[in-house]
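Participant: Have a look at this one before I ask anything.
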Amino acid sequence: MSDSPRGVRLGVDVGQVRIGVSRSDPHGVLATPLVTLAREQNPRSDAVPSDVTELAALVAEHEAVEVVVGLPVNLAGKHGPAAEHVKAYARQLADVITPVPVTLTDERMSTVVASRRLAERGVRGKRQRAVVDQAAAVEILQSWLDAQRRRTQ
C-alpha cells in the first residue's frame, strides 16, 4: 500500500446492540476477528459512551494506524437513518482517537455475507449471534483492504 502507512487497521461493524471489531495484520493483507463490544444503550449526552472508550483502548493497544467503519448503504445506494447513525458514531470515535483517521466504507451486505459463511461452517443460532458482528467486521475490513491493494497495483 504505497500511499497509506503500514500498520494494523481495525474494522468496525456498528450495530444498535453490539459493535463487531476486526483487525488486520501490519501488512494490510488479512482481516481477522477481534472482539464484540456491548453497545452502551443510554449514554449521557455529555459523556463518551463506554463502547467508544473501549474501541479507543483497542486502537491504542493494537497501535492501529486507521479505523475502517462499515457504512450501511441501502441496496439503491442511498444513505438512510442507519447510515446517519453510523456517521454520527464515526464522528464521535474520530474525536476520541484523533489523530488516527476513521474511514467510512460501503458495507452493504457484510452481515448477510458473514451470516451465510458462518452457517456454511455449521455455526448457527446463539453461537452465530455471538460472533456474527465480528465476522461482519472482518468482511468490512477485508473488502476495504482488498480494494486498497487493487488501487495500488
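Participant: Which one, 133, 46, 25, has the greatest fluctuation when you compute a Gaussian network model over the chain with C-alpha springs under 10 angstrom?
Facilitator: Of the options given, 46 has the highest mean-square fluctuation.
Participant: Out of the DSSP beta bridges found with both residues in the chain, what percent are antiparallel (nearest 5)?
Facilitator: Of those bridges, close to 60 percent are antiparallel.
Participant: Something else about it: Based solely on its DSSP helices, what 222 nm [θ] is calculated for the chain when runs of n ≥ 4 H residues each add -39,500 (n - 2.57) and the sum is averaged over all residues, nearest 500 deg cm²/dmol?
Facilitator: It lands at -15000 deg cm²/dmol.
Rule-based calculations on the coordinates, nothing more; no lab input. These numbers come from a predicted model, not from an experiment.
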